[in-house]
Structure formats: structure tokens, C-alpha cells
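Notes for the one structure printed next.
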Amino acid sequence: MSLSHALMTSLLEKSSSGYDLARRFDKSIGYFWRATHQQIYRELARMEKAGWIASEAAPDGGRTRKKIYQVLDAGRTELERWAREPAPLVDMRDEFMVRLRADAVIGPLGLHGEVERRLALHTTKLAAYRAIEARDFPDGKPLTREARIQHLILQTGLMYEQSWVHWCDNALTVLAQDEPAC
């Protein structure tokens, strides 16, 4: 995915300054696409040069160099073109799986600590996603199309974290079966 397309999507939701965009990005799209604030500012400059977005000085009397960005017609056209393209499936690439294969070949390597660490991280993220769901998508509340799609995206995160929590529980059981007592 192109960072520019993620940024244009966010800017179409709400025109904003680079700083505000970066903060909003961290709290929404940032759950499934990471970018540093420096990358965001660099990409905004590139997108403006390409004619996809425009900026104007913030209405704070010129005391800062703050700019407010908005998507131009050319940017909307580019986003529509990109959104219609088939998205590639993401292959799983996790070096811990190779470590587990090494454990299977060599013998118990004491990897349960890493699985416990991963379990804690996935459990924490799952709790955060559940809190977002309870806050933004309470049962019985009618949702707009936009909100239903946002909920659908959140459900993907919920299922992802739930599956990792389940996998970690299974992995701990399997690893404990053959681990020597410490």
C-alpha cells in the first residue's frame, strides 16, 4: 500500500494540518499501516508536488508555518484508481516461526517465554480493540455505511488478535509437553 493513498483517505475524512493528520493517523489507520511523522510530512510534500493535495496557511495569523492540507480532484481520482486495483494478499513472514522450526529440529530451546510475551502483547491489543468497539460501535446503535465499514475493519483486527491469543495458548500447551523442568 502506498502511504500517499492512506494519507489521502484520511484527508478526505477531514482536512487537517500535517501534525493533526499524523496524530489521527496513529489512532486509526496506524493500527494496520505504520508511518513515522517524518515519513508523513515527506509524503505530504511529494503529494502536493504531484498535484494530489493542496495546502494553505493555517488561520492562526501566520505565527506558525502550520499548513492545512486538502485533497484535490486529481488526488481523489488517483485514490479511486488505486482503490479499484486488486490488493495483493500478504504473506506471513514471522521469524519466530523459523525459531519454532529450529526448536522442533534441535529440541526444546525454552521458547515459552517468547510465546508468553507475545500472548501478553496480543491480549493487550485485543483489549484495546474491544474497548474501541464498545465505545464506537455499541450494540443496537444504527450505523452509517461509513461506520459499518469502519467496524468491519476493526473486526478484522479483533479476529487477528483473537487468533493469535488462541495460537499462543496452544503453543504454550505444546511447548510445555516436552520442556524439561527448570
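The values are calculated or read from the model by the stated rules, or taken from the named source; none is laboratory data. Keep in mind the model is a prediction, meaning the values are calculated, not measured. So basically every Cβ, Gly included, is an ideal-geometry build from the backbone, and we count neighbours across all protein chains shown. Each accessible area value is taken on the protein alone, full model and side chains, heavy atoms only, with ligands, DNA and RNA left out. Shrake-Rupley method; radii C 1.70, N 1.55, O 1.52, S 1.80 Å.
Quick rundown of the values:
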quantity: Percent carbon-and-sulfur accessible area, the chain, ignoring ligands, DNA and RNA, probe 1.4 Å; calculated: 56
quantity: Pair-distance profile P(r), taking every C-alpha pair of region 42-182, with 5 angstrom steps and integer %; calculated: 2, 7, 10, 11, 10, 11, 13, 12, 9, 7, 5, 3, 2, 0
quantity: Projected label distance in nm at ARG93 and HIS37, using a 7 Å step from Cα toward the beta-carbon; calculated: 2.9
quantity: Solvent accessible area, Å² - SER15, 1.4 Å probe, full protein context; calculated: 50
quantity: ARG148 - accessible surface, heavy atoms, 1.4 Å probe, Å² rounded to 10; calculated: 130
quantity: Max mean-square fluctuation residue, GNM over the chain, Cα-Cα springs under 10 Å, options LEU44, LEU12, LEU109; calculated: LEU109
quantity: Equivalent ellipsoid dimensions for region 30-105 as semi-axes, Å, which come from the Cα gyration tensor, largest first; calculated: 39, 20, 8
quantity: FRET efficiency, 1/(1 + (r/R0)^6) with R0 22 Å, evaluated for ALA74 and ILE149 via beta carbons; calculated: 0.35
quantity: Spin-label model distance (nm) - ARG24 vs ASN170, 7 Å beyond Cα toward Cβ; calculated: 4.0
quantity: Average Cα contact separation per residue, region 87-182, under 8 Å, 6 or more apart, as relative contact order %; calculated: 44
quantity: 1.4 Å probe accessible area per residue over region 1-160, in Å²; calculated: 70
quantity: Principal semi-axes in Å for region 75-151 [√(5λ), Cα gyration tensor, largest first]; calculated: 38, 23, 8
